[in-house]
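This report concerns only the one structure given below.
FYI, it's all coordinate maths here, none of it is from the lab. What you see is a predicted model, and the numbers here were worked out from it, not measured in a lab. Heads up, the Cβs are rebuilt from the backbone with ideal geometry, glycines too, and the neighbour counts pull from every protein chain shown.
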Amino acid sequence: MLKIQKFTFNPFQENTFLLWDAISLEAMIIDPGCSNNNEEEILNSFINEQKLSVQYLLNTHCHIDHILGNAFVKEKYNCKYFAPELDLPLLDNLISQAEMFGVKAKKSPLPDEFITEDLILKLGEIELTFLFTPGHTPGEYCIYSKSENVCFSGDVLFYESIGRTDLWGGDYDTLINSINNKLFILPEITRVFPGHGEETTIGHEKKNNPFLT
């Protein structure tokens, strides 16, 4: 059984997700947004309390609010780090991104491996796969578990909304195409955990999202 814990971190109110297999206690951190010592301690204390073994660090994309905690997580847990190759310009410019918003940041490490649609990661016996969903950024991926009916949508799809396309590398038509052809083909019961805001489902968004109905 996949367990999910959401933490909302940093001035951008970004959702950081901790996933783990209830049997093996193997864990994954998606988009660590922890931006100060207090937020780092909140994340670390929960991991210690649950006795989790962090195997993976994942970035759905590399905007500042989703990568502020990369250095902390990589150093603390010595886990394997995956990110989209096409978002490397954003990752490399983390410090510049931070300065634009008046936020302190540690330089992110480089990924150990790039995300592709052929990549399969496992937490215990639970498989997680990757859906290439550009449009918000050039390289963004959503993370999907078929067996658990969950999708982590980064900043692609939100509750009754979609990601911005007016930032570097964004493209509205590409984003809509990604949602229609990669996310809206998933089962309607699929729970969607976005990078900001509340949880939704594929079925709800197909019926109620004003950008897509």
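Structure notes:
- Considering only P210, S178, Q5, and ranking their Cα positions along the charge dipole of the chain that arises from unit charges at the beta-carbon of Lys, Arg, Asp and Glu, the one farthest toward the positive end is Q5.
- For the range 165-179, the Karplus equation 6.51 cos²θ - 1.76 cosθ + 1.60, evaluated at θ = phi - 60°, returns couplings of 10, 9, 9, 3, x, x, 8, 4, 4, 5, 5, 4, 4, 4, 5 Hz by residue, with Gly and Pro reported as x.
- Considering only I202, I143, I42, the mean-square fluctuation computed in a Gaussian network model of the chain, springs between alpha carbons under 10 angstrom, is largest for I42.
- Among P138, P111, P187: highest mean-square fluctuation, GNM of the chain, C-alpha pairs under 10 Å: P187
- Spin-label proximity, M1 to the range 27-55 - amide N less than 15 Å from point 7 Å beyond Cα toward beta carbon: none
- Those residues of the range 129-168 whose amide nitrogen sits under 11 Å from the label point placed on F114, 7 Å along Cα→Cβ: 139
- For the range 66-94 versus the range 150-213, the spacing of their alpha-carbon centroids is 23 Å.
- Too-long pairs where the Cα-Cα distance tops 23 Å, listed order kept, from K3/K122; K122/K207; K107/K182; K3/K207: K122/K207; K107/K182; K3/K207
- Relative contact order (%) - criterion: Cα under 8 Å, at least six apart; region: the range 81-143: 33
- Projecting label points 7 angstrom from Cα along Cα→Cβ for T213 and W168 puts them 3.6 nm apart.
- Those residues of the range 103-139 whose amide nitrogen sits under 15 Å from the label point placed on N177, 7 Å along Cα→Cβ: 132-139
- Fewest-first sequence of V156, V150 by Cβ atoms within 10 Å of each Cβ: V150, V156
- Label sites at Q13 and A71, each approximated as a point 7 angstrom past Cα along Cα to Cβ, lie 2.8 nm apart.
- Each of S53, S178 was scored by other Cβ atoms within 10 Å of its Cβ. Listed from fewest to most, they are S53, S178.
- In terms of other Cβ atoms within 10 Å, T200, T116 run from fewest to most in the order T116, T200.
- Between N181, N59, N36, the GNM of the chain built on Cα springs shorter than 10 angstrom shows N181 fluctuating the most.
- Relative contact order (%) - the chain, alpha-carbon pairs under 8 angstrom, separation at least six: 15
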